[in-house]
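The values are calculated or read from the model by the stated rules, or taken from the named source; none is laboratory data. Since this is a predicted model, take the numbers as computed values, not measurements. Positions of Cβ are backbone-derived with ideal geometry, glycine not excepted, and every protein chain shown enters the neighbour counts.
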Amino acid sequence: MSRPAIWEALRDALVALERDGLARRLRTLDAPCGPLARVDGRDLVSFCSNDYLGLAADPALTEALVDGARRWGVGSGAAHLVSGHLTPHAALEARLAAFTGAERALLFSTGYMANLGIVPALVGRGDAVFADRLNHASLIDAAQLARAEHRRYPHGDVDALDRLLAASTAKRKLILTDAVFSMDGDLAPLPELLALAERHDAWLVVDDAHGFGVLGPQGRGSLAHFGLPPSPRLIHMGTLGKAAGAAGAFVAGAAVVIEWLLQRARTYIFTTGGSPAIACALLAALDLIERGDTRRDHLQRLTAQLRSGLAETRWQLLPSPTAIQPVLVGDNHEVLRVAAALFERGLWVPAIRPPTVPAGGARLRVSLSAAHTPEQVARLIDALRSLA
Ligand SMILES: *Cc1c(COP(=O)(O)O)cnc(C)c1O
């Protein structure tokens, strides 16, 4: 039997990925999410996860999940609008709305799905999306799916965005941005973006995947961090698999917008509701987030420790104030060599390459967690200094 041509084409493309230092590798973790990982029988200190507050394997969340499963079962059995919306989901939505200061919140199964749902529900042909160049892949895909005109502005460039908005004749305008950029760790200028939304009669959708739980008073997120008042133009999306330690996502905003998303967001309507037991775990996570100043202070200290420890080395840290601390390397093969050398020393830091970051922007993405100790961060600093 002859091999289909597509099979050969895929094999050639895989060889090219390997040659260009772009092949990715799936590693199986033989331990719960936390600072201590076990991979291929080796013990490692991991700087990979987005579990910023160390909640993913917290006993209180585990307990709430087990109790929740005993009371409500494991699966929801149907889409939310059919019969998959259980009391813990409703309680979690009410809690998220109150916590973020919004009129109403809606749960989605993942952050990726939330973004793919929100944007096409709000804009379409004849409308325009204005997106930061460094936005997360899910926001880029969401803009494509919406079939609206897709304009991208240089990273954080408020003046360029202002000009694009002023020149646009689109019916509806929607500004899309990460709040904390996932591969750079810096913050979007949200007050300026909201002012532009008001001036140009646009919506502002903020993806707070890396700010929710970490930034702002009690971890209420990036909008609270900037002290932004509720605005009918603001749509706040947050994910629940990062600082909140579980899985899922939410969109919070004005009641009319949320009702529209419930009626029209296809990734909300045509998918099974999340596990009610996970909703119970998330209610426990919100308690810990709200009372989590000690964890957030510790995370802040670790961030400062890493930055000052690497300040006078050849490793160029990007100017990030958050727990995402990228070490810019540039070349794909070199970043793989550095990551492999760290791995040999028992330190696991992901090498991020295109297309996740722009060509020539390969980097180590150090991700800190409140579960790390200062000693673990010191080990990373020492290893990077000796590799420099
Ligand atoms: C992780 C991430 C998402 C996707 O969220 P999931 O819940 O993991 O699907 C969306 N946006 C940004 C900025 C992210 O970092």
Task: Condition broken by Cys280, with the remaining ones in (1) more than 16 Å from the ligand (Cβ to nearest atom); (2) in contact (Cβ under 8 Å) with a residue 60 or more places away in the chain; (3) of a type in the set (A, V, I, L, M, F, W, C); (4) under 15 Å from Ile118 (Cβ atoms) satisfied - done: (4)
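For (1) in contact with a strand residue (DSSP E or B) (Cβ under 9 Å, 6 or more places away or on another chain); (2) in contact (Cβ under 8 Å) with a residue 60 or more places away in the chain, each residue gets a yes or a no:
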residue: Asn50; (1), (2): yes, yes
residue: Thr62; (1), (2): no, yes
residue: Asp67; (1), (2): no, yes
residue: Arg70; (1), (2): no, no
residue: Gly75; (1), (2): yes, yes
residue: His80; (1), (2): yes, yes
residue: Ala97; (1), (2): yes, yes
TODO: Could you list all residues from the stretch 167-185 that are assigned to a loop (DSSP other than H, G, I, E, B) and closer than 18 Å to Ala137 by Cβ?
DONE: Ala179, Phe181, Ser182, Met183, Asp184, Gly185
Open item on the list: When you scan the stretch 358-374, do you find a residue that is without any contact (Cβ under 8 Å) to a residue 12 or more places away in the chain and over 24 Å from the mean Cα position of the chain (by Cα), even just one?
Closed with: no
- [ ] Kindly provide the set of residues from the stretch 120-140 that are within 12 Å of the ligand (Cβ to nearest atom) and either in a helix (DSSP H, G or I) or not assigned by TED's automatic domain parsing to the domain that holds Thr271 (or both), ordered by number.
- [x] Ala137, Ser138, Leu139, Ile140
TODO: Name every residue in the stretch 141-166 that is part of a helix (DSSP H, G or I) and under 20 Å from Ser320 (Cβ atoms), in order of residue number.
DONE: Val158
TODO: Would you check if there is a residue in the stretch 144-165 being of a type in the set (A, V, I, L, M, F, W, C), within 15 Å of the ligand (Cβ to nearest atom) and either assigned by TED's automatic domain parsing to the domain that holds Ala114 or more than 19 Å from Ala114 (Cβ to Cβ) (or both)?
DONE: yes
Task: Output for the stretch 254-282, where each listed residue is farther than 29 Å from Asp58 by Cα and under 19 Å from the mean Cα position of the chain (by Cα) - done: Thr267
Task: Single residue of Val338, Val377, Val366 found to be of a type in the set (Val, Ile, Thr), surrounded by 19 or more Cβ atoms within 10 Å (Cβ to Cβ), modelled with pLDDT of 95 or more and in a strand (DSSP E or B) - done: Val366
- [ ] Scan the stretch 176-210 for residues that are within 15 Å of the ligand (Cβ to nearest atom) and touching a residue at least 40 places away in the same chain (Cβ under 8 Å) and report the count.
- [x] 17
Task: Close pairs (7 angstrom Cβ cut-off, 6 or more residues apart or separate chains): under 12 Å from Val366 (Cα atoms) in the stretch 302-314, modelled with pLDDT of 95 or more and loosely packed, with under 15 Cβ neighbours inside 10 Å anywhere - done: Leu302/Pro374
Open item on the list: Can you name every one of the strands (runs of 3 or more DSSP E) wholly within the stretch 202-305 that holds 2 or more residues which are over 19 Å from Leu92 (Cβ atoms), assigned by TED's automatic domain parsing to the domain that holds Phe99 and not aromatic (Phe, Trp, Tyr)?
Closed with: 203-207
Task: Subset of the stretch 62-119 that is within 16 Å of the ligand (Cβ to nearest atom) and of a type in the set (Gly, Ala, Ser) - its residue that is nearest to the chain's Cα centre (by Cα) - done: Gly111
Task: Qualifying residue in the stretch 331-353 (condition: touching a Ser or Thr at 6+ places or on another chain (Cβ under 6 Å), in contact (Cβ under 8 Å) with a residue 40 or more places away in the chain and outside the structural domain of Leu134 (by TED's automatic domain parsing)) - done: yes
- [ ] Could you tell me whether the stretch 162-180 includes any residue that is modelled with pLDDT of 95 or more, under 30 Å from Gly360 (Cα atoms) and in contact with a Pro (Cβ under 7 Å, 6 or more places away or on another chain)?
- [x] no
Task: Condition check for Thr169: crowded, with 24+ Cβ neighbours inside 10 Å, polar (S, T, N, Q) and either within 16 Å of the ligand (Cβ to nearest atom) or free of Cβ contacts under 8 Å to residues at least 60 places away in the same chain (or both) - done: no
Task: strands (runs of 3 or more DSSP E) (entirely within the stretch 19-112) containing at least 2 residues that are touching a Gly at 6+ places or on another chain (Cβ under 7 Å) and modelled with pLDDT of 95 or more - done: 42-46, 104-108
Open item on the list: Can you say whether Pro217 is surrounded by fewer than 19 Cβ atoms within 10 Å (Cβ to Cβ), more than 16 Å from the ligand (Cβ to nearest atom), without any contact (Cβ under 8 Å) to a residue 12 or more places away in the chain and not basic (Lys, Arg), as far as the supplied structure shows?
Closed with: yes
